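Below is one structure; the comments refer to it alone.
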Amino acid sequence: MSRSQLYLFSTFLFWTALYVYVPILAPYARHMGGSMTVVGLIIASYGFMQLLFRIPLGIWSDRTGRWKPFLHASLLMLAGSALGLAWSPTPEWMIATRALGGLAACSWVVWVVMYAGFFPEERLPAAMSHLGVCSALGQMVSTYAGGWITDLYGWTMPFYIGAILSVLSMLVLMPVPEPVQIRKQKLTWHRIASIGTTRSLLTVSLISALGQYVTFITIFGFVPVYAVEIGANSAQLGTMTLIGLAGTTVAAYASGIWLAPRWGMRFVLILGFVIIGLGTVMIPYSETIGILYIAQLIGGLGRGLTQPMLMTLAVQSIPPEERGTAMGIYQAVYALGMFGGPVLGGMLGDWIGLSGVFLSTGLICVIGAVWSGLLRVENKMVISDW
């Protein structure tokens with residue numbers, strides 16, 4: 001296998017380890033007696049750690065010029081988080097152990113930047129689509145298997161499997177050499193501040209935060225809780241997440257390979273948010289698990305269109321030698337949505353119910369579509385914003 005193929009396989013295992021227990025995490029917390037607010041905090045702790053640490057991690061990786069040590073450390077933390085979730089005596093303990101998983105997920109900054117270093121600029125959109133597909137495949141396989149594993153072996157088995165897969169990912173990554181880094185200038189704190197105030201990068205990051213807000217309220221948040229309320233079992237939770245991620249995988253591949261080269265990245269972004277919004281407002285009207293499957297497929301297709309485009313625009317907005325810092329900023333800003341979505345969703349769920357949560361979230365998709373329409377993209381670069 002080539003270095004890029006090994007890297008993609010390790011990435012696949014990383015996301016498999018991270019998401020094998022995602023379909024049952026919120027229902028498990030409810031099973032242990034957690035309120036909607038506590039469930040929201042468990043989900044939000046994952047995003048909160050990324051909000052705090054993704055920028056420092058990106059800066060550190062650029063300043064040190066080393067990437068693999070960060071990835072190895074993150075995989076060990078991911079294994080520890082999975083074991084901690086399995087051994088948590090109360091839902092409140094799960095907030096801390098899920099937070100450790102969020103800290104491990106901060107390494108996605110480094111995963112993206114290191115993989116981008118394998119390719120020339122003109123191949124980045126396709127490369128980012130490949131990475132997005134690999135990420136989605138890992139999530140898809142693991143979430144489907146996680147539901148069935150729970151039905152067969154109990155609530156905690158997916159957490160143990162997540163720990164094992166984390167170690168396997170680290171073993172696959174070990175022989176992969178780091179790409180040669182371009183160093184045109186020393187990364188000073190003044191330059192870091194300049195990167196952080198790049199309008200194009202901040203615009204794309206904030207639009208991505210809207211997408212993550214929706215994602216972590218719906219498929220990775222309260223949709224599994226809603227599905228249990230209408231009678232879904234653990235296997236059906238896994239199937240539901242699989243269907244959504246299958247849509248993401250297909251659309252992610254199509255967005256970079258076919259749609260964006262023909263119609264442009266701005267059009268693909270607008271279309272993606274419109275489709276996500278349609279899937280989101282369908283959720284409270286899904287009275288059977290079959291209709292909920294369709295809603296998740298539609299939402300997944302929309303996410304597959306938006307995520308690779310936003311990641312490509314963020315990567316291309318900054319020179320190669322500073323992309324670790326740029327991706328840290330990008331992912332920290334979109335972590336606002338990962339954190340804010342579950343917190344607000346949990347509080348709203350206790351107040352107005354889950355149907356109101358999903359309908360209000362549909363409005364966020366409208367904002368994302370309009371904001372994407374205001375972008376001006378020229379030569380595959382974001383030139384200006386609001």
> For residue 264, are the conditions met, namely being small (Gly, Ala, Ser), at pLDDT 90 or above and either surrounded by fewer than 20 Cβ atoms within 10 Å (Cβ to Cβ) or in contact with a strand residue (DSSP E or B) (Cβ under 9 Å, 6 or more places away or on another chain) (or both)?
Replying inline: no
> When residue 319 is evaluated against the numbered criteria (1) out of contact with any helix residue (DSSP H, G or I) (no Cβ under 7 Å at 6 or more places or on another chain); (2) at pLDDT 80 or above; (3) more than 27 Å from residue 26 (Cα to Cα); (4) not small (Gly, Ala, Ser), which criterion, by number, is the only one it fails?
Replying inline: (2)
>> Can you say whether residue 313 is crowded, with 24+ Cβ neighbours inside 10 Å, under 30 Å from residue 52 (Cβ atoms), in contact with a strand residue (DSSP E or B) (Cβ under 6 Å, 6 or more places away or on another chain) and not acidic (Asp, Glu), as far as the supplied structure shows?
In response: yes
>> Anything in region 257-269 that is over 20 Å from the mean Cα position of the chain (by Cα) and part of a helix (DSSP H, G or I)? List them, or say none.
In response: 257, 258, 259, 260, 261, 262, 263, 266, 267
>> Please pick out the residue among 6, 13, 76 that is modelled with pLDDT of 90 or more and either closer than 24 Å to residue 229 by Cβ or surrounded by fewer than 18 Cβ atoms within 10 Å (Cβ to Cβ) (or both).
In response: 76
> Any chance region 21-38 includes a residue that's closer than 30 Å to residue 202 by Cβ, of a type in the set (Ser, Thr, Tyr) and either buried (at least 21 other Cβ atoms within 10 Å of the Cβ) or modelled with pLDDT of 85 or more (or both)?
Replying inline: no
> In region 351-386, what residues are modelled with pLDDT under 80 and out of contact with any Lys or Arg (no Cβ under 6 Å at 6 or more places or on another chain)?
Replying inline: 376, 378, 379, 380, 381, 382, 386
>> Suppose we filter 272, 300, 290 for residues that are within 14 Å of the chain's Cα centre (by Cα), of a type in the set (Gly, Ala, Ser) and modelled with pLDDT of 85 or more; which single one remains?
In response: 300
>> Let me confirm something: among 97, 90, which residue is surrounded by fewer than 20 Cβ atoms within 10 Å (Cβ to Cβ) and either modelled with pLDDT of 90 or more or of a type in the set (Val, Ile, Thr) (or both)?
In response: 90
> Quick one: would you say residue 154 is at pLDDT 85 or above and on the phi > 0 side of the Ramachandran plot?
Replying inline: yes
> Could you list, in sequence order, the residues of region 111-140 that are within 15 Å of residue 326 (Cα to Cα), of a type outside the set (Gly, Ala, Ser) and modelled with pLDDT under 80?
Replying inline: 112, 113, 114, 115
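Condition check ((1) touching a Pro at 6+ places or on another chain (Cβ under 6 Å); (2) of a type in the set (Ser, Thr, Tyr); (3) on the phi < 0 side of the Ramachandran plot; (4) in contact (Cβ under 8 Å) with a residue 12 or more places away in the chain) across all residues:
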position: 258; (1), (2), (3), (4): no, no, yes, no
position: 264; (1), (2), (3), (4): no, no, no, yes
position: 270; (1), (2), (3), (4): no, no, yes, yes
position: 280; (1), (2), (3), (4): no, yes, yes, yes
position: 291; (1), (2), (3), (4): no, no, yes, no
>> Just to be sure I understand the filter: pairs with C-beta atoms under 6 Å, separated by 6 or more residues or on different chains, first member in region 342-359 and of a type in the set (D, E, K, R), second member part of a helix (DSSP H, G or I). Which pairs pass?
In response: 350/36; 350/37
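The values are calculated or read from the model by the stated rules, or taken from the named source; none is laboratory data. Computed from a prediction, not measured in an experiment: that's the story for all the values here. Heads up, the Cβs are rebuilt from the backbone with ideal geometry, glycines too, and the neighbour counts pull from every protein chain shown.
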